[in-house]
Amino acid sequence: MKTSTFAGFCLALGATVFSACSASTEVKTEIAKWQYDKQGAVSITYDDGTVNQFRVAVPIMNRLGLPGTFFINTGTLPGSEWTGRFIGRPIEEIIEETKTIPTDTVNFYERASAARYVPVKGANDYFTNAGIEIDAGRKAEACAIIEDFYKKVVNGQLPPVSPRKGNAKADPDELTWDKVRQHTAEGHEFASHMVTHPYMSALDEANIHYELDKSREELLKQVGIRATISAECPYGTGDGRAVGYAQKEYPALRNGMGLDYLYEIHRGVGESPVKPECEYVQWQRGILTATSLDEMKEWTDVTAGQQNLWLVLVIHGIDGIGWEAMTSADMDAYFTHIAADNRLWVATFGDVTRYIKERMHATVTSQRKGDGTVSVSLDHSLDKALFDLPLTLKTDVDPQWNTVDVAQGGKTTTVSVEREGNRAWVTYQALPGGGEVVLTGK
């Protein structure tokens, strides 16, 4: 079963300070915890691509200027090159083998993977139930489900159904790749929820890779490389085997990123979001149907107030369509609450991950030149084709300055000097690897 409709990721960041060159020219620069030096981060994510996410939620978000991340099953969109299929031996050969060799932990994954594509009624239900057992750590029970399935197939106890065909004719209200590109241009992110929404924990290696690889290739082909950073294995699986494969391919995996500086608390456990010994703290909590709008607002207020949290909201259904559907009225009220809080950085799941990882892999140096300007060098060691988000820097400047021109890559912006006591500094955006940043005071 799926877990919660809302989940929260929270990050505790130390204010790492990097100094420059010699003492005579040293200027202090730090990378802000969050982009734009906000107090906390929020990502609004959706699973499964149900129609009201685009008919209802996107207009609300666009009106409020909020970006969202949509985890979609790429094989269900009309015109997709890669749709559902079994990767492996002929299914008839597997069925024949089950007549003499019982299902065990050695052959389970191949048989479970094939089961979805046996053209009999209820095949996917058997597969899904086996996946539930695997996720729960009950491998013997999972084997028994698949063994029972194939016995019934061999004995003709399950009625046949027509084999799966390609994508059906597009419904005018359903998601298409043209609409995906349109919403991407509006600032939203589309990400992998695999090709066919399987229980990844019940698939063998070949079929896990098919779901991971082909959904990524489809997104790359249809949308571009920025759509290939984020993924979520369906049903929120925490199975270490399946998640381990996914982490190798997707840098931003909502099931868990497996980073030593990211502490993850699973949904609904009620643990404190604060774990000081970790650079980042990831916090998941709550089930929408068991909470009030006021409690949902409280999650956001805590995120804004603690300076170290990343709240990730997970939404499925809206207005009666989709799993654990929330109402559009609650959605509008909640999103309005989020948009009104200037302490929050609301960004896609992929962009928040970009910021975290860029910050963790960044180096910055800064020095005052002989002409009084400040030169700042910023870079990171990640793939810049995928990790291309500006970082927010805070650099100390001459207290006599009132404004500062920030120049990088042929572009110049003007920012005001901030002050506290005897300290003066400017906060600005800089692109890692984008060339020298020059600060000129006025």
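Between residue 213 and residue 140, what FRET efficiency follows from the Cβ-Cβ distance if R0 is 35 Å, with the result rounded to 0.05?
Values: r = 31 Å, r/R0 = 0.88.
Calculated transfer efficiency: 0.70.
Using only alpha carbon pairs under 8 Å that are at least six residues apart, calculate the relative contact order of the chain and give it in whole percent. The partial results should precede the final answer.
On the way: 921 pairs, mean separation 115.7, N = 442.
Relative contact order, the chain: 26 percent.
The phi-based Karplus calculation (6.51 cos²θ - 1.76 cosθ + 1.60; θ = phi - 60°) puts the 3J(HN,Hα) values of the stretch 428-442 at 7, 9, 9, 8, x, x, x, x, 4, 9, 10, 9, 10, x, 9 Hz, whole numbers, x for Gly and Pro. Note on surface exposure: 436, 97 rank 436, 97 by accessible area, highest first, 1.4 Å probe.
Top to bottom by accessible area (1.4 Å), largest first, where do 132, 318 land? List each step's numbers first, then the result.
Numbers: 132 45, 318 0 Å².
Highest to lowest solvent-accessible surface, that is 132, 318.
The portion of the accessible surface of the chain made up by carbon and sulfur, rounded to a whole percent, is 50 (1.4 Å probe; DNA, RNA and ligands excluded). For residue 93, the accessible area of its heavy atoms, probed at 1.4 Å with every protein chain present, is near 90 square angstrom. Solvent-free Debye calculation, one equal scatterer per alpha-carbon of the stretch 345-386: log10 I(q)/I(0) at 0.19, 0.31, 0.34 Å⁻¹ equals -0.67, -1.04, -1.12. Phi-derived couplings, Karplus 6.51 cos²θ - 1.76 cosθ + 1.60 at θ = phi - 60°, listed residue by residue for the stretch 71-85: 8, 10, 8, 4, x, 8, 7, x, x, 5, 6, 10, 10, x, 6 Hz, with x used for Gly and Pro. For the set 248/357; 28/369; 139/248; 121/221; 33/442, the pairs lying more than 22 angstrom apart at their alpha carbons are 139/248; 121/221; 33/442. With all projection directions averaged, the alpha carbon convex hull of the stretch 358-442 covers 5.7 nm².
Close amide-amide hydrogen proximity is noted between residue 46 and 69, 70, 71, 315, each under 5 Å apart and 5 or more residues distant or on a separate chain (H modeled in the peptide plane; Pro and chain starts excluded). Label-point separation (nm) for residue 373 and residue 93, each offset 7 Å from Cα along Cα-to-Cβ? It is 6.8 nm. Built from the Cα atoms of the chain, the convex hull projects on average onto 23.7 nm², one quarter of its surface area.
Take the alpha-carbon positions of the stretch 210-260, form their convex hull, and give its projected area averaged over all directions (one quarter of the hull surface) in nm².
Details: hull surface 14.2 nm².
So the mean shadow area of the Cα hull is 3.6 nm².
Each label was represented as a point 7 Å from its Cα along the Cα-to-Cβ direction; for residue 420 and residue 323 these points are 4.3 nm apart. Computed from backbone phi, the HN-Hα couplings of the stretch 37-43 come to 6, 6, 7, x, 10, 9, 10 Hz, rounded to whole numbers (Karplus: 6.51 cos²θ - 1.76 cosθ + 1.60, θ = phi - 60°; Gly and Pro given as x).
Around the Cα centre of the stretch 106-248, unit charges on the Cβ atoms of Lys, Arg, Asp and Glu (plus for the first two, minus for the last two) sum to a dipole of about 360 debye.
Set the Förster distance to 25 Å, then compute FRET efficiency between residue 400 and residue 365 from the Cβ-Cβ distance, nearest 0.05. Numbers along the way, then the final one.
Working: r = 24 Å, r/R0 = 0.94.
Taking R0 as 25 Å, the efficiency between residue 400 and residue 365 is 0.60.
Can you tell me what percent of all Cα-Cα pairs in the stretch 322-371 are more than 14 Å apart? Of all Cα-Cα distances in the stretch 322-371, 73 percent exceed 14 Å.
The values are calculated or read from the model by the stated rules, or taken from the named source; none is laboratory data. No experiment lies behind these values; they were computed from the predicted model shown. Note that each Cβ is placed from the backbone with ideal geometry, even for glycine, and that neighbours are counted across all protein chains shown. All accessible areas refer to the heavy atoms of the entire protein, side chains included, with ligands and DNA or RNA removed. Shrake-Rupley method; radii C 1.70, N 1.55, O 1.52, S 1.80 Å.
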